[in-house]
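Presented below is the structure to which this report refers.
What follows draws every value from the coordinates through simple rules; no lab data is involved. This is a predicted model, so every value here is computed, not measured.
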Amino acid sequence: MDTKQIAVYLIIAGAIILALKFIKAIISFILSDFLLGLGSMLMIGGAVFLALKFIREDRNDAKDEPFRGIDQ
């Protein structure tokens, strides 16, 4: 294995470890306060419901749209 390739792998692994550490710190901070955690969970839940609604609408609209002028 080339030295450059090993160095890139080590940099990527270090970045992943740092990212996981920061994510863990942020999540533990949010969940340490009940209202902050509850508000975050409600926002995430609302975002998921909204995303699912958009996906469902796109699938339903795709059935009605013609493909290159040809009705399906």
| Quotient of C-alpha Rg and 2.2 N^0.38 Å, computed over the chain | 1.98
| field | Between helix 3-32 and the chain: long-axis angle, C-alpha atoms, 0 to 90°, nearest 10 | value | 80
| In deg cm²/dmol and to the nearest 500, what is the mean residue ellipticity at 222 nm of the chain if only DSSP H runs of at least 4 residues count, each as -39500 (n - 2.57), divided by the residue total? | -30500 deg cm²/dmol
| request: For the chain, find the longest principal axis of its Cα atoms and tell me its angle to the long axis of helix 34-64, 0 to 90°, nearest 10. | output: 40
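Using 0.36 nm per residue, how much length does the chain from Leu38 to Leu52 gain when fully extended, once their Cα-Cα distance is taken away?
Additional length available on full extension: 2.9 nm.
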